């Protein structure tokens, strides 16, 4: 009989309208997806924007694995943090990526790494 497998936490980033916004840790992608949806729902009023005619425009968000600078910011907690349930989310708004080469963020969107793009479509943000 084999040894039980032990999984470590991965650090994830939520991008809002292509801006890395918060980072958090989860063991499983499914858990990260739920944390992302819960956080988006909790911040819906701050994230949605008014479009033409006063229509609420939903934020475009992406959940992905964190880059090195984002993992460092998560560990350092320099830019503040909050909790969503029992999960700590660290603010990344002020994180700058000074040590990453220009090709770290391909303009053609080729850096997907299994990340999913979501557009919240319901009025309540329950994507």
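Things worth noting here:
- Potential lengthening between residue 42 and residue 6 on full extension [0.36 nm per residue; Cα-Cα distance subtracted]: 9.8 nm
- Spin-label pair residue 83/residue 57, simplified geometry with 7 Å Cα→Cβ offset, distance in nm: 3.6
- Look at where the Cα atoms of the stretch 44-58 and of the stretch 17-38 average out, and the two centres are 22 Å apart.
Computed from the coordinates by the stated procedures, all read-outs in this text should not be read as laboratory data. Computed from a predicted structure; not experimentally measured. Positions of Cβ are generated from backbone atoms using ideal geometry, with glycine treated the same way; all protein chains shown enter the neighbour counts.
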